[in-house]
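Remarks on the structure that follows.
No value in this document is a laboratory result; all are computed from the given coordinates. Small disclaimer: the values here were computed from a predicted structure and weren't measured. When we count neighbours, we look across all protein chains shown, and the Cβ atoms used for this are built from the backbone with ideal geometry, even at glycine.
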Amino acid sequence: MHAPILRWSTIRHTLTTVLLILAITTPAATAQDYGETSFENSGAEEAQKPFLNGLLMLHSFEYPEAREAFQKAQEVDSDFVMAIWGEAMTHNHPIWMEQDREAALDALAKLGETPDEQLAAASTERERHYLRTLHVLYGAGTDEPASKETRDDEYAEAMAGLATSFPDDLDAQAFHALSILGTAHEGRDFSTYMRSAAIAEEVFDANPKHPGAAHYLIHAYDDPVHAPLGLRPARIYAEIAPKASHALHMPSHIFFALGMWDRGAASNVDSYEAERSQANENGDPLGGGGYHALHWLAYARAQQGRYDDAREVTDRGIKHARESDGHATGYERYILSAYPASYIVETERWSEMDDFAIDTTGLSPRLKVSALTVQGMAALNTGDRPGAEKKLADAKASVEGKKGRLQIPVLQLEGLLQLDAGDSESAVATLTQATDLEDEMPLQFGPAWPLKPAHELFGEVLLQLDRPAEAQQQFDASLDRYPARALSLLGKARAAARAGNTETAREAEAHLRSIWDDADPAVREHLDGIATTAASE
């Protein structure tokens, strides 16, 4: 094989990572690492390699690494407009609804103090157009910017204008698709996500190795209804960008939405190992992507019935956080609360709750109410009713004045306490309220929230009350939101058997047996007797 000739104009450069594979030998810059794209710009030739790396990593949400790459490009060419644009872009995280406006404006200030001065630094209309979109996104030129939500909406409109003006610019199209996802402030909205998907599909068709196209399609299709459409990008995204730990994790969004737990677990093992390897190589503690992968891995292990492994993964994440010397700031409190709470709910190992010292001080309302109610459930299930009542009071106080989904865990614990007191009528009414609120929520992605799905818990309670037909309906509703969720399948099999729905019971049991084919022996014992019950009805 021989290398093709690279043709650079004196002002503008068209970059393709296919050429870089042959022309550049440094592993950190090859297309096999982060994907392929083409981006015309006016930067110096010597700055192209780090710039392109930064652009590709930006599409995979490798924000700190992308920022470093863009800054390296600026070290070569201090007037590299698009490298400065890229650095500013790393401070906006649309899917996570995060933004560091001041840091972004500081980056843009390298081009000039005012938006007009910054635009004057650009040598092409296309580059000026890119800069204008950031002026909208970050509210440049004013000390009283509009709200982030308003700026997100206006940024999506600005990106639509850029994409229309430069229809052959696949990165403009991809960032337009991402900007639309960033307008879903109230959670998943099908029409919003499908508009984004339609644009990303065009990019994916034009360049199947574009990391942004695959990435944004996975996010757009990340729910049980649309997940089958996401299998194509999910199956190849990790191959497109194998050096990006987030790209290794992202396929699990689709696998989780389809209940493909083996594949989902494998994705997160790869993502964690990539993060850990990079951290060790740099002498750093584990990064946020590694913690995220461990959380998802623990959830997948629980679905697989590998409870001992789920505990090991949970403990590993907590150990990383405690040894981080503050490096896990922003993740540490999440890790030390969400990890154990999720593990306890999924495994129902209620007596292990005391192994985890969860400090709820300063947690967000969602994390706090989740931790407190799981602690309450654990107390109730281990015979400590007063402790459960105390946790209920604390949970109510943590979401006082808040409506909607944050009330679901409170209602769940309240309903369980009512049931424990013998007031089944009130328990059913309270848990019905919880399921009604869950039904109002957009479909979730990843590990379940609320940590104990409302329909699943209600189904378990109805089964205790010997109302198996109604219980089966609740488990079906839970499985609609969380396909192949193990405890919902187990509940469905038990409810159907007791209701005399023999074929349904056997199908649910067979499905669960396939998921639990490598489960802990004690977990597989949960399946004993279901077929016998079904046969005797």
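Considering Cα pairs under 8 angstrom that are at least six residues apart, work out the relative contact order of the chain and quote it in whole percent. Computed value for the chain: 9 percent relative contact order.
Summing Lys, Arg as +1 and Asp, Glu as -1, what charge do residues with Cβ under 12 Å from the Cβ of D308 carry, D308 excluded?
Numbers: positive: R301, R306, R311, R349; negative: D309, E312, D315, E352, D518, D520.
Every neighbour counted, the sum reads -2.
A simple count of charges around Q74, restricted to other residues whose Cβ falls under 14 Å of its Cβ and scoring Lys, Arg +1 and Asp, Glu -1, yields -3.
A helix-only calculation puts the chain at -20500 deg cm²/dmol for mean residue ellipticity at 222 nm, using -39500 (n - 2.57) for each DSSP H run of at least four residues, averaged over all residues. Over segment 51-221, all Cα pairs binned in 5 Å intervals from 0 give whole-percent P(r) values of 1, 9, 18, 22, 23, 16, 7, 2, 0, listed from short to long. Our coupling estimate for segment 502-519, obtained by passing each phi through the Karplus curve with A = 6.51, B = -1.76, C = 1.60 and θ = phi - 60°, is 4, 5, 4, 4, 5, 5, 5, 5, 4, 4, 5, 4, 5, 6, 9, 5, 10, 6 Hz, Gly and Pro reported as x. The E186 and D308 beta-carbon pair, evaluated with R₀ = 45 Å, returns a calculated FRET efficiency of approximately 0.70. Only one of [x] 1.02; [y] 0.95; [z] 1.19 was calculated from the structure for Rg/Rh (Cα atoms, Kirkwood Rh), and its label is [x]. Against the chain, whose longest principal axis comes from its Cα atoms, helix 48-59 is set at around 30 degrees.
In Å³ and rounded to a whole number, note down the convex hull volume per residue for the Cα atoms of segment 399-537. Please list the in-between numbers first.
Numbers: hull volume 16.1 nm³, N = 139.
Here the figure is 116 Å³ per residue.
Computed extension gain for T432 through A393, at 0.36 nm per residue and net of the alpha carbon distance, reaches 12.0 nm.
How many angstrom lie between the C-alpha centres of segment 258-322 and segment 414-441? About 34 Å separates the Cα centre of segment 258-322 from the one of segment 414-441. I'd like the distance separating the alpha-carbon centroids of segment 336-355 and segment 162-200, in whole Å. Cα centroid to Cα centroid, the span is 38 Å. Measuring spread by the Cα atoms of segment 349-452 yields a radius of gyration and Dmax of 13.3, 36 Å. What the phi angles of segment 152-168 give under the Karplus curve with 6.51, -1.76 and 1.60, with θ = phi - 60°, is a coupling list of 4, 5, 5, 5, 4, 5, 5, 5, 4, x, 4, 5, 5, 5, 10, x, 8 Hz, glycine and proline written as x. Stretching E323 away from A109 to a fully extended chain increases their span by 73.3 nm, per 0.36 nm per residue minus the current alpha-carbon distance.
Nearest 10 degrees is fine. How inclined is helix 125-138 to the longest principal axis of the chain, computing both from alpha carbons? Roughly 40 degrees between the two axes.
Exceedance of the 23 Å cut-off in Cα-Cα distance is limited, within the set K403/K452; K396/K452; K209/K243; K396/K492; K390/K452, to K396/K492. Placing R0 at 35 angstrom, the Cβ-Cβ distance between E507 and E440 gives a FRET efficiency of 0.75 after rounding to 0.05. Counting Lys and Arg as +1 and Asp and Glu as -1 over every other residue whose Cβ lies under 10 Å from the Cβ of A244, the net charge comes to -2.
Binning the alpha carbon pair distances of segment 410-464 at 10 angstrom intervals from zero yields the distribution 25, 55, 18, 2, expressed in whole percent. Segment E525..D205, full-extension length gain: 110.4 nm, with 0.36 nm per residue of separation and the alpha-carbon distance subtracted. Between helix 227-240 and the chain there is an angle of about 50 degrees, using the helix long axis and the longest principal axis of the Cα atoms.
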